[in-house]
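Visitor: Pasting in a structure now, in structure tokens, and then I'll have a few things to ask.
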Amino acid sequence: MTNAYSKLPSAGETVNAMLMDGAPPDSDLSRLTKRLQRERRARLEAEGIAERGLRQLYEKQEEIAFLESIAVAANQASSIEDALRDALVRICTYAKWPIGHALLATPNRKANTIELISSGIWYLPDPFRFSPFRAASEAGRFPSGLGLPGNVLQSGKPVWIMDVTSQPNFPRAEPARQTGLKAAFGFPVLIGTEVAAVLEFFAVETLVPDEALMKVMAHV
């Protein structure tokens, strides 16, 4: 048996039909329609603000938990090597970058300067693929201002490179090109104001600077 009410138009259809039948724009119906539209826009805007707020809160909690884990691991480490190795794993996991490498500041007595050399400590899930880049990194010496590590040593601040293969001041550009590396960032490990080590990280795509990530790394 057919329900008689099923043939009745919906409220929206009624509103549209009345407006098409010539209801004046300043009628009660027109004002009600405009009011409903304003309320809907306001509700959607409020929902968007709430969603952004929850997302920012979650990201802040993740950041705090990450920094706490780095601090706890460093305090519990039995050596600087263990602390650096653990930091590389945690940072690569947090930032979702596939390669991490630690370099140590070492005196160059002949030149009476400080330069960075590889510690041999890596986060490298695919060592075979990136072996040419690893070999070049472990063979290199980076005085102040040379390459990514040297720039970090010189400035004492995080440094970001969008594409190392197009960077003139990057001595490892050819092995990076061979292994498909692109973006890189590095930051200093400080004792007071002196750079004791540099941690550098690499990705396989070109990436614009992530200011939020660099701020977090500065806290590390």
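The values are calculated or read from the model by the stated rules, or taken from the named source; none is laboratory data. Note that the structure is a prediction, hence the values are computed from the model and not measured. Ideal geometry is used to build each Cβ from the backbone, glycine not excepted, and the neighbour counts take in all protein chains shown. Remember, those area values only see protein heavy atoms, side chains included, never the ligands or the DNA or RNA. Shrake-Rupley method; radii C 1.70, N 1.55, O 1.52, S 1.80 Å.
Visitor: Here is a check on your reading of the model: is residue 198 at pLDDT below 95, within 18 Å of residue 92 (Cα to Cα) and of a type outside the set (Lys, Arg)?
Guide: Against the criterion (at pLDDT below 95, within 18 Å of residue 92 (Cα to Cα) and of a type outside the set (Lys, Arg)), residue 198 does not qualify.
Visitor: Would you point out the residue of the stretch 76-110, among those that are β-branched (Val, Ile, Thr) and closer than 20 Å to residue 152 by Cα, that is surrounded by the most Cβ atoms within 10 Å (Cβ to Cβ)?
Guide: This residue is 99.
Visitor: Considering only residues that are outside any helix (DSSP H, G or I) and open to solvent by less than 40 Å² (accessible area, probe 1.4 Å), look in the stretch 127-153 and name the one that is farthest from residue 209 (Cα to Cα).
Guide: 140
Visitor: Related question: Quick one: in the stretch 111-126, of everything that is modelled with pLDDT under 95 and either open to solvent by less than 70 Å² (accessible area, probe 1.4 Å) or within 25 Å of the chain's Cα centre (by Cα) (or both), which residue is farthest from residue 93 (Cα to Cα)?
Guide: Applying the filter and picking the extreme gives 111.
Visitor: What do you reckon, is residue 173 over 22 Å from residue 84 (Cβ atoms), surrounded by 18 or more Cβ atoms within 10 Å (Cβ to Cβ) and either in contact with a Ser or Thr (Cβ under 6 Å, 6 or more places away or on another chain) or not basic (Lys, Arg) (or both)?
Guide: Answer is yes for this residue.
Visitor: Going by the structure shown, is residue 157 within 23 Å of residue 70 (Cα to Cα), charged (D, E, K, R) and open to solvent by 30 Å² or more (accessible area, probe 1.4 Å)?
Guide: Yes; evaluated as a whole, the condition is true for this residue.
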